[in-house]
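The values are calculated or read from the model by the stated rules, or taken from the named source; none is laboratory data. Here the structure is a predicted model, which means the values were calculated and not measured. Cβ placement follows ideal geometry from the backbone for every residue including glycine, while neighbour counts extend to all protein chains displayed. Note: areas computed on protein heavy atoms with side chains; ligands, DNA, RNA excluded. Shrake-Rupley method; radii C 1.70, N 1.55, O 1.52, S 1.80 Å.
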Amino acid sequence: MALVIDPWGAELHEDYEKIVKQFGLEVFDPSLFPEPNRLMRRRIVFAARDQKVIADCIKRKKPYYALTGIMPTADKIHFGNKMVVEQMKYFQDHGAKTYILIADLEAATTRGVTLETARTRALDFHIPAYIALGLDPKKTTFYFQSENKDVLHLAYEAAQKITLNEFKAVYGSADPSRIMAAVTQVGDILFPQLTERMPGVIPVGIDQDPHIRIARDVVARTKSAHDFIPPAGMYHKFTPSLTGELKMSKSRPTGNIDLPEDPKEACKKIVKAVSGGRKTIEEQRKLGAEVEKDMVFELLKMHLVDDDKELNKIYQDYKSGKMLTSELKQLACEKLTAFMNDFTAKLERARKHMDALTFISFH
Ligand code: TRP
């Protein structure tokens, strides 16, 4: 039985629906994909562009690629990065050539991170973290933007094909540094097709769609020079803040959990999280929880419980009043602690094997 639970409540649900309509996105259809992962099954991946093209490559075993970029701005990642890696892993396990780039130029131009710092951070933390989350390093091609001449040449070409007004319309603003970052990202997105013309998919949080739109526009306008295939997009929802807002964010530390984070600290935040539980135990037993409003359930659903049957049982027990809020929070704390411990152990292991990776470099 398909599990259809939408813990976002009507208002937020409508927001995501609005996005789909407003930007002309496709509603994501998990039934097109073999062995959909947790994010796909639960429609946390909710929208797409050209999903059928990618589904077709998977089913017919035709070449395609999956690509993402890492911004090395801090020694932490977040649940959004985790979702990107899970999507990348899904495609990697289903025949995609996988590319991970370090957006060192973007970090330098938009955040003032030096290229040296970006490099060190990427090698010490970000790449090992992505491997710890399941990416197979042997099957992945890595590069630094600053070392990939082809990407930079494509970026210059893209710059020629975008007007300032379009840029403003897509991004809202047009800082020179943002423009540099955006055209470089177009270079990243199209780069694998320089060696082999093939479809590609870029899994991103919905806020990153502007980059994909611009890349698709550039594809249309460089038809005679390159004949690239427009990149497909696949979009996931945000992990909501434990304090109830749409998105976890460092600006609201009590609602935010980083990767890694001390499990004890994270559990304290879970204890204080916005809950769908009732005011008293009696009421909870009688009425059951308002699961749609519960941010801890949302965390379990999005990140901590893979098995649909297990999640469904938690949902039913909590909804019927059999399970109390304190029990739900205890369960989430245990699962999160296990996840963090596993993550940090795998991170250490991955760090030891960094010399086996393949980097593209034109130095
Ligand atoms: N701009 C992305 C970020 O802020 C990083 C990035 C650079 C990227 N190039 C990319 C993401 C290509 C996807 C595809 O995280």
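When ranked by the protection proxy of mean other Cβ atoms within 10 Å per residue, highest first, what sequence do the peptides 180-191, 280-291 form?
180-191, 280-291
Net charge near Asp308: determine it from the other residues with C-beta under 11 Å of the C-beta of Asp308, scoring Lys and Arg +1 and Asp and Glu -1.
It works out to a net charge of +3.
Between Leu246 and Leu194, how high is the FRET efficiency from 1/(1 + (r/R0)^6) when r is the Cβ-Cβ distance and R₀ = 22 Å? Nearest 0.05.
About 0.05, to the nearest 0.05.
Please compare each pair in Lys76/Lys272; Lys149/Lys352; Lys272/Lys346 to a cut-off of 26 Å on the Cα-Cα distance and tell me which ones are over it.
Lys149/Lys352; Lys272/Lys346
Looking only at Cβ-Cβ distances, which cysteines of the chain have no other cysteine closer than 4.7 Å?
Cys57
If you count the DSSP beta bridges with both ends in the chain, what percent of them are antiparallel, to the nearest 5?
Here the antiparallel bridges make up roughly 30 percent for the chain.
Starting with the highest mean, order 64-70, 247-253, 171-177, 76-82 by the number of other Cβ atoms within 10 Å, averaged over the residues of each peptide.
64-70, 76-82, 247-253, 171-177
On average over all directions, what projected area in square nanometres does the chain have, based on the convex hull of its Cα atoms?
Mean projected area of the Cα convex hull: 18.1 nm².
At a Förster radius of 41 Å, what calculated FRET efficiency corresponds to the Cβ-Cβ distance of Ser361 and Lys21, to the nearest 0.05?
0.45
Bin width 10 Å, origin at 0, all Cα-Cα pairs of the range 241-295: what percent of pairs per bin?
25, 43, 25, 7
Any idea how far the Cα center of the range 186-258 sits from the one of the range 293-354, in Å?
27
Just to confirm the filter: which chymotrypsin sites (Phe, Trp or Tyr not before Pro) across the range 309-363 are DSSP coil and have at most 16 other Cβ within 10 angstrom of their Cβ?
Counting only loop positions with at most 16 other Cβ atoms within 10 Å, the chymotrypsin sites (Phe, Trp or Tyr not before Pro) in the range 309-363 are Phe362.
Heavy atoms only, probe 1.4 angstrom, no DNA, RNA or ligands counted: give me Thr114, Thr222 ranked by accessible area, highest first.
Thr114, Thr222
Tell me which lysines have Cα within less than 17 Å of Lys313's Cα, excluding those fewer than 8 residues away on the same chain?
Excluding near neighbours in sequence, the set is Lys301, Lys322, Lys329, Lys335.
Using the Cα gyration tensor of the range 11-108, with a ≥ b ≥ c the square roots of its eigenvalues, what is the shape: rounded (a/c below 1.5), prolate (a/b larger than b/c) or oblate (neither)?
oblate
Lys279: which aspartates and glutamates have alpha carbons under 14 Å from its alpha carbon, excluding same-chain residues fewer than 8 sequence positions away?
Those aspartates and glutamates meeting the cut-off are Glu290, Asp294.
Report the net charge of residues surrounding Pro203, where surrounding means a beta-carbon distance below 12 angstrom and charges are Lys +1, Arg +1, Asp -1, Glu -1.
Value of the local net charge: +1.
Just the number, please: Stokes-Einstein D of the range 63-199 in µm²/s, Kirkwood Rh from C-alpha pairs, 25 °C, 0.890 mPa s.
Once the numbers are plugged in, D ends up at 157 µm²/s.
Over the Cα atoms of the range 261-363, what is the Rg over Rh ratio if Rh follows Kirkwood?
Computed over Cα atoms, the ratio is 1.19.
Please report, in Å, the Rg and the Dmax of the range 165-208, where both are computed over Cα atoms only.
12.5, 34
Over every pair of different alpha-carbon atoms in the range 165-307, take the mean of 1/r and invert it; report that Kirkwood radius in Å.
18.6
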